[in-house]
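Enquirer: Got a structure for you, questions after.
The values are calculated or read from the model by the stated rules, or taken from the named source; none is laboratory data. Because the structure is a prediction, the values reported are computed rather than measured. Positions of Cβ are generated from backbone atoms using ideal geometry, with glycine treated the same way; all protein chains shown enter the neighbour counts. These accessible areas exclude ligands, DNA and RNA; they are computed on the full protein's heavy atoms, side chains included. Shrake-Rupley method; radii C 1.70, N 1.55, O 1.52, S 1.80 Å.
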Amino acid sequence: MVFVGNHSEASSMTEGDEELMSILANQIGQSLENAQLFEQVYRSRQDLESKIQERTKQLAVALEEVKKISKMKSEFISAVSHELRTPLTSIKGYASILMTGKVGDIPAEVKERLEKINKHSDNLVKLINDLLAIARIESGRFEMKFAKPAIASLIENVRDLLTLQMKEKGIQFKVQIAAATPEVFVDSSQIERVLINLVGNAIKFTPREGTITIRVQPEAETVVCSVTDTGIGIKEDDISNLFNEFYRVDNEINQKVKGTGLGLVLAKKVIEAHQGKIGVTSKANQGTTFSFSLPINQMGEKSQARTE
Ligand code: ADP
């Protein structure tokens, strides 16, 4: 409440004074209202902040829990894979010895079955090795040896390794490395593994007389390497699942040729451990391009794999 008056008894308030008072009262009222509003906003902001802080804490605890469970999962997979690998190596070894005929002559039908044991053991060994590699990267126990290999020589190794498969299908292999491409620090055996997987898939999913092209070029702060094929392509619905464990597109080739569905998962983990990115574009019946980037400023001779 506001009282207004003056000390002189003779002079009463003029009309101007009254007007002034009413303007003043109005403004004081507005200011009080603003102050109240401000206080309300301030309080609700504080409320919101403390709620956000509380939720952030809860999320951090949940994230720690998820990390712990994920680590346990990786360690479990790792332990099981090790246990499986040892007897599997023996099975494969014994089958190979028997096949050589050193232990005694073996009839053709037995040999045929031994070959099957050998082939299926190979598939299992590949699956176990992929699982082990993924578990190692996930658990952060994967020490990478960074060096600056010539990317051209990595690609040549991959060509040597897969040349027979390409010849068998009459596939042309092209390599295009941009002249200004700088060498990057990478773990060469891991990047070679990624390339083998991408080119291997390209061979598998490209019909006879197709072409596979590897392109390498600098892009912003990275070097980008892409593997393009003229194969069967991948439908949009399948693309979003490609990097999920054990995902294989339901097609004729996959029904005939065995695979693990882990190759791309591993490739993604390796590239992300290099702080790079991997992606894919594809058109059904026209072809597919897998590209990955590697940061140019990656430094250090040795580094622990970092995965989020
Ligand atoms: P795998 O080859 O053992 O099945 P990957 O993780 O390497 O496992 O690949 C997953 C799936 O992605 C393949 O089964 C195939 O369906 C699809 N794919 C990968 N590369 C290509 C490609 N170049 N062209 C068409 N499909 C592909």
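Enquirer: Condition first: surrounded by 12 or more Cβ atoms within 10 Å (Cβ to Cβ), assigned to a helix (DSSP H, G or I) and of a type in the set (A, V, I, L, M, F, W, C). Now tell me which residues in the stretch 99-129 satisfy that.
Expert: Result: MET99, VAL110, LEU114, ILE117, LEU124, VAL125, LEU127, ILE128.
Enquirer: Check the stretch 178-196 and report whether any residue there is within 14 Å of the ligand (Cβ to nearest atom), surrounded by 13 or more Cβ atoms within 10 Å (Cβ to Cβ) and among the aromatic types (Phe, Trp, Tyr). I'd like the intermediate steps shown before the answer.
Expert: Going through the stretch 178-196, the residues within 14 Å of the ligand (Cβ to nearest atom) turn out to be 193-196.
Next, from what is left, pick out any that are surrounded by 13 or more Cβ atoms within 10 Å (Cβ to Cβ): 193-196.
Going one step further and asking which of them are among the aromatic types (Phe, Trp, Tyr), we end up with none.
Checking the stretch 178-196: not a single residue is within 14 Å of the ligand (Cβ to nearest atom), surrounded by 13 or more Cβ atoms within 10 Å (Cβ to Cβ) and among the aromatic types (Phe, Trp, Tyr).
Enquirer: Scanning for something among the hydroxyl-bearing types (Ser, Thr, Tyr) and in contact with a strand residue (DSSP E or B) (Cβ under 7 Å, 6 or more places away or on another chain), does the stretch 257-267 turn up at least one residue? Steps first, please.
Expert: The initial filter retains those residues of the stretch 257-267 that are among the hydroxyl-bearing types (Ser, Thr, Tyr), namely 260.
Remaining after also requiring in contact with a strand residue (DSSP E or B) (Cβ under 7 Å, 6 or more places away or on another chain): none.
No, the stretch 257-267 contains no residue that is among the hydroxyl-bearing types (Ser, Thr, Tyr) and in contact with a strand residue (DSSP E or B) (Cβ under 7 Å, 6 or more places away or on another chain).
Enquirer: Does THR213 satisfy the condition of being surrounded by 14 or more Cβ atoms within 10 Å (Cβ to Cβ), among the β-branched types (Val, Ile, Thr) and free of Cβ contacts under 8 Å to residues at least 24 places away in the same chain? First the steps, then the outcome.
Expert: Numbers: surrounded by 14 or more Cβ atoms within 10 Å (Cβ to Cβ): yes; among the β-branched types (Val, Ile, Thr): yes; free of Cβ contacts under 8 Å to residues at least 24 places away in the same chain: no.
Spelling it out, it is not the case that THR213 is surrounded by 14 or more Cβ atoms within 10 Å (Cβ to Cβ), among the β-branched types (Val, Ile, Thr) and free of Cβ contacts under 8 Å to residues at least 24 places away in the same chain.
Enquirer: Pick from the stretch 152-183 the residues that are part of a strand (DSSP E or B) and of a type in the set (A, V, I, L, M): which of them is nearest to GLU209 (Cα to Cα)? Steps first, please.
Expert: Initially, the stretch 152-183 is screened for residues part of a strand (DSSP E or B), giving 172-177.
If we keep only those that are of a type in the set (A, V, I, L, M) too, we end up with 175, 177.
On the way: VAL175: 17, ILE177: 23 Å.
The residue in question is VAL175.
Enquirer: Show the residue pairs meeting these rules: Cβ distance below 7 Å; 6+ apart or different chains; first residue within the stretch 266-287 and more than 13 Å from the ligand (Cβ to nearest atom); second residue open to solvent by 70 Å² or more (accessible area, probe 1.4 Å).
Expert: Qualifying pairs under 7 Å: ILE271/LYS277; ALA273/ARG306.
Enquirer: Please go through (1) closer than 30 Å to VAL184 by Cβ; (2) within 11 Å of the ligand (Cβ to nearest atom); (3) touching a helix residue (DSSP H, G or I) at 6+ places or on another chain (Cβ under 6 Å); (4) in contact (Cβ under 8 Å) with a residue 60 or more places away in the chain for PHE243 and return the number of the only condition it doesn't satisfy.
Expert: With respect to (1) closer than 30 Å to VAL184 by Cβ; (2) within 11 Å of the ligand (Cβ to nearest atom); (3) touching a helix residue (DSSP H, G or I) at 6+ places or on another chain (Cβ under 6 Å); (4) in contact (Cβ under 8 Å) with a residue 60 or more places away in the chain, PHE243 is out only on (4).
Enquirer: Of everything in the stretch 53-98 that's open to solvent by less than 90 Å² (accessible area, probe 1.4 Å) and polar (S, T, N, Q), which residue is nearest to LEU127 (Cα to Cα)?
Expert: Only one residue fits best here, namely SER81.
Enquirer: Here is a follow-up. For the stretch 208-239, what are the residues that are under 15 Å from PHE173 (Cβ atoms) and more than 11 Å from the ligand (Cβ to nearest atom)?
Expert: ARG208, GLU209, THR211, THR213, ILE214, ARG215, VAL216, CYS225, SER226
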